[in-house]
Amino acid sequence: MNIPAKYNPLKVEDKWYNYWMEKGYFYSEPDERQPYTIVIPPPNVTGVLHMGHMLNNTLQDVLIRRARMQGFNACWVPGTDHASIATEAKVVAKLKEEAVKKEDLNRDEFLEHAWDWTYKHGGIILEQLKKLGASCDWKRTKFTMDDDMSESVTKVFVDLFNKGLIYRGYRMVNWDPEAKTTVSDEEVIYKEKNGKLYYLRYPIEGEEGFVTIATTRPETILGDTAVCVNPNDERFTHLKGKKVIVPIVNRVIPVIEDEYVDVEFGTGCLKITPAHDPNDKEIGEKHDLEVIDIFNDDATLNSYGLHYKGKDRFVVRKEIVKELEELKNLVKEEDYQNKIGTSERTGAVIEPKVSIQWFLKMKDLSEPALKAVMEDDVELVPAKFKNTYRHWMENVRDWNISRQLWWGHRIPAFFYGNGTDDYVVAETAEEALILANKKTGKELSLDELKQEEDVLDTWFSSWLWPISVFDGIRHPENKEIEYYYPTQDLVTAPEILFFWVARMIIAGYEYMGEKPFSKVYLTGIVRDKLGRKMSKSLGNSPDPIGLMEKYGADGVRVGMLLTSPAGNDLPFDEDLCEQGRNFSNKIWNSFRLVKGWEVSENIEQPESAKQAIKWFDAKYDNVLERLENSYKGYRISEALMITYKFIWDDFSSWYLEMVKPAYQSPIDAVTYKKTIENLEKILKILHPFMPFISEEIWQLITDRKKEEALIVARWPEISGAKNDLVAQFEFASEVISGIRNIRKDKNIPNKNAIEVFVLNNEMNSTDFDVIIKKLGNLEKLEYVTEKLSGAISFRVKSNEYFIPMGDNVNIEEELEKLESELNYTKGFLKSVEKKLSNERFVNNAPEKVIEIERKKESDALAKIKVLEESIKNLKKGEN
């Protein structure tokens, strides 16, 4: 067999991914096996792969590949999200480049452009996931605006409306003036910003005096309809029942009293603008104040803005301050740090706006979902997120589910008149007409019905994802939903714990009567070496496709997982991908080494090989046990490190060295066969992490049938090998390292056989002596009852090992060297002891620090003892 000298990941990856696809290994349908199901967090349909996707989908693929090998019916459902705000923004930007305004198009014309955009750019990200090795059942690919998915969304809206849980009303909402739509409370990101606090004078009507108010938003004085003081504030008792005049607009407004006013903030006088502040709105409703909205949808001022009409709010802020100064109404301005709400989607500063919207009542709906997580029926990994979840769910507000967009699921409400309640909700216009005729007692026509222009929040479709991908809303008792639901694991980001995860749990209990998944693995955020979140704007996010072309998909997968414990941020460094590639090369070279050996049926199996195989079996059992614990605890990064060290250190370094034949000599057939079996065993545990190179080597070992491919090979089980061999070899490996260190120290070539004498104080098993002899190149390994004179010694635990130096070393030089090292170690010990005798240090230092210092002390004492004995032995030999 011609095995290439170098591993070529690009050639191999395409080959095996196509093979897996052709043979249908990813495909799943209900059968007698137990299912293991994951639904992908659907990325934006027109998005491209970023580092967060890479981490998230690598983790999912590790879990799904292992489950497939464990004999589960593994089903990983892929799909994409229509992402209303993001996609509509992209389509509007594209039209702008073509000199077309959205306002110049009707809804159908705009949607035609949006679908064209989706068909052109949609699905790119799914193709990119294939490059990563994602073993999704691509036949099941769903899009949140597929006909069946859209029908499910409509059904749920109608159902919740009929249950009295969806209502329409005027509320103050978070308005994104760039996207020109509302966004939910959870989609508002608050940022600390440096601003100004402006002190303004309002003349008291009919008097010479003024009241002074403080505001961060002077432009909104044009919408003021009252000034409010605290009734307990004695400074303002003279204002009771009076009116003041708003500067510039000259509107006469009342002075009202309310205990809401904080007497410590600003001047104690609060301007009330019910249209542009949620707290002012509450006070306005309480005192029956007029509501004056001064902004257009794009946050420019409307006709209430007088001579500022058509100008942006921030431009007006600067200009109005200048005008107020000229009018002598500006008292002073101060620097002020303020928390500003910004849109998660566009970054625009949010404008509080009174608007008629659709809402979903959340309090009662959310209770089963809160209970499920608090009682670990749905387990969050890591558990530290339970407190965040509980806080959100206990303080949940009604969900604003309407968006002022065209791209998305259109709200199935149909209006037949101009009154607030002149509408019906139905799945189709025909059903709506029947309801409208019944409600009005008239014979209306379809032309007289007008469907709501708004669409639903994108999350209103994705909260149904684990149900709707199996058609569980439309057909709740179909074979697929009964088999695959609830799913097992969800892998997602903590920042959408409430947006998506909590809402899916709510929908699961509402529509299926049970949880949608058992465990939620929450990944960290991928950050750069400086700790910054990776983003396009910072230019610190590498191109995932470029990384895979450079390091191979397996290399990047390993790089992503090497430092990504659940829930903790991942400090990504491209060097990690290089480490992943080096690991691929290590595995490849180990395989080539084994396949390059000449095999003989006529050679007896050496004792060293027999012992090596016994040890490897025991070590493999130990690794399987540790892997099981890591996977159970969703410590995927830890599972990779166990696999990595086992292959790099135990197999490629120790085991292969133990069994390899002498230079230009053949290996016995029994050991060779067992080594190939051991290689296959490590490929099985490697496969979830590095599917491509593991399948390539697996298939190169021998010809395999379809059902013998590694992707469906059986996950190994613990064999019950003698586990005490693992500890015994740990001891033996320290002995081998000790011998090698002395060889290196004394420049004794490895080809020169040496003698070693042992004082076996530990009464250890001698089973590994054959290994020590082979790897240490010893012509003699003899047990003695007394210390050997004129020899260099070292200790492993309480055992002492003596290597006679003979002509190998200059005793005078060696004594000088050992005495120098002894003096240094004594000095080091003295400094440690001084620190430990300092009561202040011992009483104040963390327990861990003291533990480290005590370890330094004990290590130094042990080293001094060994050095003193080595000096003593050499001196005896010298005499």
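The values are calculated or read from the model by the stated rules, or taken from the named source; none is laboratory data. Values in this document were obtained by computation on a predicted structure and should not be read as measured data. So basically every Cβ, Gly included, is an ideal-geometry build from the backbone, and we count neighbours across all protein chains shown. Areas reflect the complete protein model, heavy atoms only, side chains present, ligands, DNA and RNA absent. Shrake-Rupley method; radii C 1.70, N 1.55, O 1.52, S 1.80 Å.
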Q: Select from region 667-677 the residues that are buried (at least 20 other Cβ atoms within 10 Å of the Cβ) and assigned to a helix (DSSP H, G or I) and list them in ascending order.
A: Thr671, Tyr672, Thr675
Q | Positions within region 642-675 being over 14 Å from Trp597 (Cα atoms) and small (Gly, Ala, Ser), in sequence order | A | Ser652, Ser653
Q. Would you say Asp312 is modelled with pLDDT of 90 or more and open to solvent by 40 Å² or more (accessible area, probe 1.4 Å)?
A. yes
Q) Would you call Pro218 under 48 Å from the mean Cα position of the chain (by Cα), closer than 15 Å to Asn329 by Cβ, buried (at least 21 other Cβ atoms within 10 Å of the Cβ) and not basic (Lys, Arg)? A) yes
**Q.** Lys681 of a type in the set (Lys, Arg), open to solvent by 10 Å² or more (accessible area, probe 1.4 Å) and in a loop (DSSP other than H, G, I, E, B)
**A.** no
Q) How many residues are in contact with a Lys or Arg (Cβ under 6 Å, 6 or more places away or on another chain) and either under 13 Å from Ile245 (Cβ atoms) or among the aromatic types (Phe, Trp, Tyr) (or both) when one looks only at region 205-226? A) 4
Q) From the set of residues in region 29-56 that are polar (S, T, N, Q) and over 22 Å from Thr118 (Cα atoms), which is most open to solvent (accessible area, probe 1.4 Å)? A) Gln34
Q | Failed item in (1) within 32 Å of the chain's Cα centre (by Cα); (2) open to solvent by 20 Å² or more (accessible area, probe 1.4 Å), with Gly341 passing the rest | A | (2)
**Q.** Glu628, sole failed condition from (1) modelled with pLDDT under 95; (2) within 23 Å of the chain's Cα centre (by Cα)
**A.** (1)
Q. What residue, of Asp61, Asp81, is of a type in the set (Asp, Glu) and under 26 Å from Phe572 (Cα atoms)?
A. Asp61
Q) Would a scan of region 119-126 turn up a residue that is open to solvent by 50 Å² or more (accessible area, probe 1.4 Å), of a type in the set (A, V, I, L, M) and closer than 30 Å to Glu574 by Cα? A) yes
Q | Filter pass, Glu819 being touching a residue at least 40 places away in the same chain (Cβ under 8 Å), surrounded by 12 or more Cβ atoms within 10 Å (Cβ to Cβ), more than 30 Å from Ala732 (Cβ to Cβ) and over 48 Å from the mean Cα position of the chain (by Cα) | A | yes
Q. When residues of region 252-269 are filtered for being open to solvent by 40 Å² or more (accessible area, probe 1.4 Å) and at pLDDT below 90, how many remain?
A. 7
Q. Between a first residue in region 695-721 that is more than 15 Å from Glu677 (Cβ to Cβ) and open to solvent by 20 Å² or more (accessible area, probe 1.4 Å) and a second residue that is assigned to a loop (DSSP other than H, G, I, E, B) and modelled with pLDDT of 95 or more, which pairs have beta carbons less than 8 Å apart while being 6 or more apart in sequence or on different chains?
A. Gln699/Ala709; Val712/Tyr25; Trp715/Gln70; Trp715/Gly71
(Q) Looking only at region 58-72, how many residues end up being open to solvent by 10 Å² or more (accessible area, probe 1.4 Å) and either hydroxyl-bearing (Ser, Thr, Tyr) or part of a helix (DSSP H, G or I) (or both)? (A) 3
Q) Taking region 7-28, which residues are more than 19 Å from Phe689 (Cα to Cα), part of a loop (DSSP other than H, G, I, E, B) and touching a residue at least 40 places away in the same chain (Cβ under 8 Å)? A) Tyr27, Ser28
Q: Kindly check whether there is at least one residue in region 838-849 that is closer than 26 Å to Phe731 by Cβ and either aliphatic (A, V, I, L, M) or at pLDDT 90 or above (or both).
A: no
**Q.** Qualifying positions in region 751-773 - open to solvent by 60 Å² or more (accessible area, probe 1.4 Å) and outside any loop (DSSP other than H, G, I, E, B)
**A.** Lys773
Q) Out of all the residues in region 610-647, which are of a type in the set (Val, Ile, Thr) and either within 11 Å of Ile682 (Cα to Cα) or in contact with a strand residue (DSSP E or B) (Cβ under 9 Å, 6 or more places away or on another chain) (or both)? A) Val623, Ile636, Thr643, Ile647
Q: Looking at (1) out of contact with any strand residue (DSSP E or B) (no Cβ under 7 Å at 6 or more places or on another chain); (2) loosely packed, with under 15 Cβ neighbours inside 10 Å, find the lone condition where Glu186 falls short.
A: (2)
Q) Within the group Lys318, Lys386, which residue is without any contact (Cβ under 8 Å) to a residue 24 or more places away in the chain, more than 29 Å from Leu490 (Cβ to Cβ) and in a helix (DSSP H, G or I)? A) Lys318
Q | Residue match in region 722-740 (condition: within 30 Å of Val623 (Cβ to Cβ), out of contact with any Cys (no Cβ under 9 Å at 6 or more places or on another chain) and outside any helix (DSSP H, G or I)) | A | yes
Q: Specify which of the listed residues (Asp116, Asp148) is assigned to a helix (DSSP H, G or I), free of Cβ contacts under 8 Å to residues at least 60 places away in the same chain, over 30 Å from Ile693 (Cα atoms) and not aromatic (Phe, Trp, Tyr).
A: Asp116
Q.
Looking at region 532-553 only, could you name the residues that are open to solvent by less than 40 Å² (accessible area, probe 1.4 Å) and part of a loop (DSSP other than H, G, I, E, B)?
A. Met534, Ser535, Asn540, Pro542, Gly552
**Q.** Those residues of region 29-49 which are at pLDDT 90 or above and part of a loop (DSSP other than H, G, I, E, B), in sequence order
**A.** Glu29, Pro30, Asp31, Glu32, Arg33, Gln34, Ile40, Pro41, Pro42, Pro43
Q.
Can you tell me which residue is farthest from Ile40 (Cα to Cα) among those in region 507-527 that are of a type in the set (A, V, I, L, M) and more than 22 Å from the chain's Cα centre (by Cα)?
A. Met512
**Q.** Selection status of Pro231, modelled with pLDDT of 90 or more and either more than 20 Å from Pro177 (Cα to Cα) or open to solvent by 30 Å² or more (accessible area, probe 1.4 Å) (or both)
**A.** no
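Residues checked against (1) at pLDDT 85 or above; (2) open to solvent by less than 80 Å² (accessible area, probe 1.4 Å); (3) small (Gly, Ala, Ser); (4) over 45 Å from the mean Cα position of the chain (by Cα):
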| site | (1), (2), (3), (4) |
| --- | --- |
| Pro804 | yes, yes, no, yes |
| Glu812 | no, no, no, yes |
| Lys834 | yes, no, no, yes |
| Glu853 | yes, yes, no, no |
| Ala862 | no, yes, yes, yes |
| Lys875 | no, no, no, yes |
**Q.** Single match in Asp148, Asp159 (criterion: under 30 Å from Cys75 (Cα atoms), open to solvent by less than 50 Å² (accessible area, probe 1.4 Å) and over 32 Å from the mean Cα position of the chain (by Cα))
**A.** Asp159
